[in-house]
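J.: Please find one structure pasted underneath; my questions will follow.
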Amino acid sequence: MALTDAQRAQLGAIADQLIPAGGGMPSASEAGVAGQYLDEVLTSLPDLGPALETALAAVDGLEPDAALAVLREDPAAWGVLTAVVPGAYFMNPAIRAAIGYPGLERRPIDASAEPDYLQDGLLDSVIARGPVFRPTPTD
Amino acid sequence: MEHDVLIVGAGPSGAITAKRLAEEGFRVLVLEQGDWPDYSKATVHREDFPLTAGRDWGWDPNLRQAPGDYPIDDTESDITALMWNGVGGGTVVYAAQWQRNMPSDFRVKTLDGIADDWPMTYEDLEPYYVRVERDFGISGLANDTAFPPGEGPPLPPVPLGPAGRRVAKAHNDLGWHWWPAPNAIATRDYGGLHACQQVGTCLQACAYGAKGTADLTHWPRALELGVELRTRARVRELIVRPDGLVGGARYIDADGNEQEARAGVTVLAANGVGTPRLLLLSGDSPDGLANSSGMVGKRLMMHPFGTVVGVFDEDFRAWQGPWGQFIHSLEFYETDESRGFVRGAKWGLQPTGGPFSMTSAYPWGAENEIWGEGFQDAVRGRLGHSTMWGIIAEDLPEESNRVVIDRVNRDADGVPGAKIEYRLSENSRRLVEFHQARAKESLLAAGARDVVVAPFIRSTGWHLLGTTVMGTDPATSVVDAQGRCHDVPNLYVFDGSVWPTSAGMNPTATIAALALRFAEQLIETRREQKVAA
């Protein structure tokens, strides 16, 4: 689905209340949360589109901070907003790089390596303390 | 009769039973209302996976609304019931935290004066734990001091990771128990499983076939042995014959046509909501089938869940790792009445996820302070630098917590849905609060610069237990120590519904061990077994 330019502007202004520029990084709208990356989110999850339109319509004409206050009180709208805005923000590769997130990488477990807790005795005090369970009572 | 045994449900208990019976030459038919898991949707390396995972691998059937799901009215419940209706059942989306129950879990009446003892002991079940741990490819370390000594799982434990090591050291300083955690996560290639790649998405199905799930560990062999599995087969009711035996089940197939499956013996393995739902929908009595005790559906236990997350200066790269658990602690598992409640909880230390997870209300708090000025620094502070204790709290059995039939909301084939009525008890509330406070101490001792106790949320009912209670007295229980219904000698329940008490552990290990023991008992007594001829 395609949001209108007006809807995108409205979303961008509200999104900037949630994610203003900071920490050397752009705001939500500067990072494309109401543009390219919104489109990517809605391509992945098309059902979010109508729900987002409903949320935006409910606060049409309100200033961004007032709109946000209204949306916070509506669990459905808040759910959509807090899925779309960070979802789109972190879709942007420049944002992921700036927070030091490389994405999920395959790191196979090396089961042949001797476990470190056996090398440095980390478990020794646990073992020395002995059992910590109540055994089955005998009749 | 074409089939000796009909099993309803292709999750872990159904799969274990089907495979074992087929090994002994039984002709087995399994009806499963859902589908095989579609691992092509486990797109863990796509940037949109954190968003699509909830849709494709979600736990709540009311939200997921997949073809195999049925509605569960939870408007009168403090916790929502979560499940995976498909081949492999809940193991497809479980965290794979594989915990045996402790000896005291089977003797709570004798030891703590509450609820009921199980009609078996830890020692009775121990050989079956050993066997199912081999079958599911469990990783862990033997001789945990919280359990009787004995044979451990077949694979070495997952790495402690930097977070696990840090918290383990803190527990050593505190004098508190910890142990490398047991997981249904293969740490090297094993049987049909592949070694874990530590991408941290266990809860949304494993993309690499490393998680011990029944669709991988049991179903391929069961099918080779000749078990007939019909998916998209939604059982509407059991067939009750004039002689009082169950003759099988009526079900609706994928095309919407009603069918009958007939078998000499019927085994229910449809989980703690699905099994009582089916019994309550069957038979001529308004009380349902096998319910002369009036206990079918009652004593629902779902394990209130607590989470405490610590934020550290050290970078754990905590968006990855087995998830799963690095270490567990059973320090406060046993009853100490001076705490103001009975029984306890198990803790499992887990990763916290990627950037999107850093912004969610759970576990970070509903009044999430992350939004607005400082958002980016807050994300950087949490991302990779956090770890959390998941707390599985024991839930005591109460008859007012129950599953009933919902005749208003129906599934896609018109079969009435289920309704759960469940309130958190005062004992459970105190128990969770105590454990959250101790878990906070644990993380502070480990050097956390910030600790967040997650708000209570409803969508944590992964563990569905107790609704066809097992016992020796037909007046107060539904099934006997063999899982056989007191009222119907050829009808069995082999899933978590039979648990007399809930323990404070992730339940799949004990569900699996019990199913294997029940299957062995069915095999041993086959000559005396009454069957629907």
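The values are calculated or read from the model by the stated rules, or taken from the named source; none is laboratory data. Note that the structure is predicted; figures quoted are calculated from it, not measured. Using ideal geometry, Cβ is built from the backbone for each residue, glycine included, and neighbour counts are taken over all protein chains shown. Keep in mind that these areas ignore ligands, DNA and RNA; they rest on the heavy atoms of the full protein, side chains included. Shrake-Rupley method; radii C 1.70, N 1.55, O 1.52, S 1.80 Å.
J.: Along the Cα-to-C-beta direction of B:Glu76, a point sits 7 Å from the Cα; which residues of the range B:396-414 have their amide N less than 13 Å from that point?
T.: Counting backbone N atoms under 13 Å from the label point, the list is B:400-408.
J.: With label points built 7 Å along Cα→Cβ from the Cα atoms of B:Glu123 and A:Asp47, find their separation and express it in nm.
T.: 5.2
J.: Using the Kyte-Doolittle scale, find the helices of chain B whose mean hydropathy is at least 1.6 and whose Cα atoms extend 18 Å or more along the helix's long axis, counting only whole DSSP H runs.
T.: Working: long enough: B:122-136 (20 Å, -1.13); B:161-174 (20 Å, -0.86); B:426-445 (29 Å, -0.79); B:508-524 (24 Å, 0.93).
Length and hydropathy pass: none found.
J.: Additional query: In debye to the nearest 20, how big a dipole does the range A:5-99 give about its Cα centre with +1 on each Lys and Arg Cβ and -1 on each Asp and Glu Cβ? List each step's numbers first, then the result.
T.: Numbers: 3 positive and 12 negative charges, 65 e Å.
That gives the range A:5-99 a dipole magnitude of about 300 debye.
J.: Please say if chain A is rounded, prolate or oblate, where rounded means a/c under 1.5 for a ≥ b ≥ c the square roots of the C-alpha gyration tensor eigenvalues, and otherwise the choice is prolate for a/b larger than b/c and oblate otherwise? Numbers along the way, then the final one.
T.: On the way: a/c = 3.14, a/b = 2.16, b/c = 1.45.
Prolate shape, in that a/c is at least 1.5 and a/b is the bigger ratio.
J.: Here is a follow-up. Using a basic spin-label model with each label point 7 Å from the Cα along Cα→Cβ, how many nm lie between B:Asn143 and B:Asp255?
T.: So the label points at B:Asn143 and B:Asp255 sit 6.1 nm apart.
J.: Moving to a separate point now. Enter the angle in degrees (range 0 to 90, nearest 10) between the Cα long axis of helix A:48-58 and the first principal axis of the Cα atoms of chain A, meaning the one along which they spread out most.
T.: Rounded to the nearest ten degrees, it is 50.
J.: Work out the length of the dipole vector of the protein assembly as shown about its Cα centre, built from +1 on the beta-carbon of each Lys and Arg and -1 on the beta-carbon of each Asp and Glu, and round it to the nearest 20 debye.
T.: On the way: 57 positive and 89 negative charges, 184 e Å.
With Lys and Arg at +1 and Asp and Glu at -1, about 880 debye.
J.: Further question: Roughly how compact is the range B:157-310, stated as its Cα Rg over 2.2 N^0.38 Å to two decimals?
T.: On the way: Rg = 22.3 Å, N = 154, 2.2 N^0.38 = 14.9 Å.
The range B:157-310 yields a ratio of 1.49.
J.: A follow-up question, please. Give, in nm to one decimal, the length gained when the segment between B:Thr110 and B:Asp315 is fully stretched (0.36 nm per residue of separation minus the Cα-Cα distance). Write down the numbers at each step before the final one.
T.: Numbers: separation 205, 0.36 × 205 = 73.80 nm, distance 4.66 nm.
Between B:Thr110 and B:Asp315, full extension yields an extra 69.1 nm.
J.: Listed highest first by mean packing, meaning other Cβ atoms within 10 Å per residue, what order do B:24-37, B:121-134 come in?
T.: Numbers: B:24-37: 21.6, B:121-134: 19.4.
Ranked by mean Cβ neighbours within 10 Å, highest first: B:24-37, B:121-134.
J.: Dipole size in debye (nearest 20) for the range B:394-440 around its Cα centre, Lys and Arg Cβ +1, Asp and Glu Cβ -1? Can you show the working numbers first?
T.: Details: 9 positive and 10 negative charges, 47 e Å.
It comes to approximately 220 debye.
J.: Ignoring everything except DSSP H segments at least 4 long, calculate the 222 nm mean residue ellipticity for the protein assembly as shown; use -39,500 (n - 2.57) per segment, divide by total residues, nearest 500. Spell out each step's value before the answer.
T.: On the way: 22 runs with 208 residues, N = 672.
My calculation for the protein assembly as shown gives -9000 deg cm²/dmol from helical runs alone.
J.: On the principal axes of its Cα set, how long, how wide and how thick is the range B:375-421? Give whole Å, largest value first.
T.: Computed over the range B:375-421, the largest-to-smallest principal extents equal 51, 32, 15 Å.
J.: Send over a whole-number figure in Å² for the accessible area per residue of the protein assembly as shown, probe 1.4 Å.
T.: On the way: 24030 Å² over 672 residues.
That works out to 36 Å² for each residue.
J.: At a Förster radius of 35 Å, what calculated FRET efficiency corresponds to the Cβ-Cβ distance of A:Asp120 and B:Ile457, to the nearest 0.05?
T.: On the way: r = 38 Å, r/R0 = 1.09.
Here the calculated transfer efficiency is 0.40.
J.: Given 0.36 nm per residue, what is the gain on full extension from B:Arg241 to B:Met1 after removing their alpha carbon distance, in nm? The partial results should precede the final answer.
T.: Details: separation 240, 0.36 × 240 = 86.40 nm, distance 1.44 nm.
Contour length minus Cα-Cα distance gives 85.0 nm.
J.: Can you pull out the buried accessible area for chains A and B, both sides counted, probe 1.4 Å, rounded to the nearest 100 Å²? Walk me through the intermediate numbers first.
T.: Values: alone 9460 and 19720 Å², together 24030 Å².
What A and B bury together is about 5200 Å².
J.: Given a Förster distance of 22 Å, report the FRET efficiency between B:Glu373 and A:Ala66 from their Cβ-Cβ distance, rounded to the nearest 0.05.
T.: Given R0 = 22 Å and the Cβ-Cβ separation, E is 0.75.
J.: From other protein chains only, count the Cβ atoms within 10 Å of every residue's Cβ in B:194-204, then give the mean.
T.: 3
J.: I'd like the mean, over residues of A:75-86, of how many other protein chain beta carbons sit within 10 Å of each residue's own Cβ.
T.: Numbers: counts 0, 0, 0, 2, 1, 0, 1, 7, 6, 1, 2, 12.
If you average over the peptide's residues, the count of other-chain Cβ atoms is 3.
J.: Considering just Cα atoms, how many Å³ per residue does the convex hull of the range B:3-525 enclose?
T.: Numbers: hull volume 71.3 nm³, N = 523.
Dividing the Cα hull volume of the range B:3-525 by its residues yields 136 Å³.
J.: Moving on to the next point. Would you list which lysines come within 21 Å of B:Lys440, measuring only between C-alpha atoms, while excluding same-chain residues fewer than 8 positions from it?
T.: The reachable lysines, counting only those whose Cα sits under 21 Å from B:Lys440, are B:Lys169, B:Lys346.
J.: Still on this structure, please answer the following. Under a plain spin-label model, where a point goes 7 Å from the Cα along Cα-to-Cβ, how far apart in nm are B:Thr472 and B:Tyr39?
T.: 4.6
J.: Lys and Arg at +1, Asp and Glu at -1: add these up for the other residues within a Cβ distance under 12 Å of B:Gly34 and post the number.
T.: On the way: positive: B:Arg64, B:Arg230, B:Arg232, B:Arg234; negative: B:Glu32, B:Asp35, B:Asp38, B:Asp69, B:Asp215, B:Asp411.
Net charge in that neighbourhood comes out at -2.
J.: Can you send over the carbon and sulfur percentage of the accessible area for the protein assembly as shown, probe radius 1.4 Å, protein chains only? Provide the component values of the computation, followed by the final result.
T.: Values: 11740 of 24030 Å².
Using a 1.4 Å probe with all protein chains present, the protein assembly as shown comes out at 49 percent carbon and sulfur.
J.: Taking the C-alpha atoms of the range B:75-177, how large are the radius of gyration and the largest Cα-Cα span, Dmax, in Å?
T.: 17.2, 45
J.: When you look at the Cβ of every residue in B:170-180, what mean number of other chain Cβ atoms sits within 10 Å? Let's see the in-between values first.
T.: Working: counts 0, 3, 7, 1, 0, 3, 3, 5, 4, 5, 5.
Mean partner shielding for this stretch: 3.
J.: Let me ask you something else. What FRET efficiency do you get for A:Ala58 and B:Ser360 if R0 is 22 Å and r is their Cβ-Cβ distance, rounded to the nearest 0.05?
T.: Working: r = 23 Å, r/R0 = 1.03.
The computed FRET efficiency comes out at 0.45.
J.: What ranking do B:262-270, B:486-494, B:204-212, A:97-105 get when scored by the average of other Cβ atoms within 10 Å per residue, highest first?
T.: Numbers: B:262-270: 26.9, B:486-494: 23.4, B:204-212: 25.3, A:97-105: 15.6.
Averaged packing, sorted descending, gives the order B:262-270, B:204-212, B:486-494, A:97-105.
J.: Name the residue from B:Ala481, B:Ile185, B:Met83 whose Cα lies farthest towards the positive end of the charge dipole of the range B:3-525, charges +1 on Cβ of Lys and Arg and -1 on Cβ of Asp and Glu.
T.: The listed residue farthest towards the positive side: B:Ile185.
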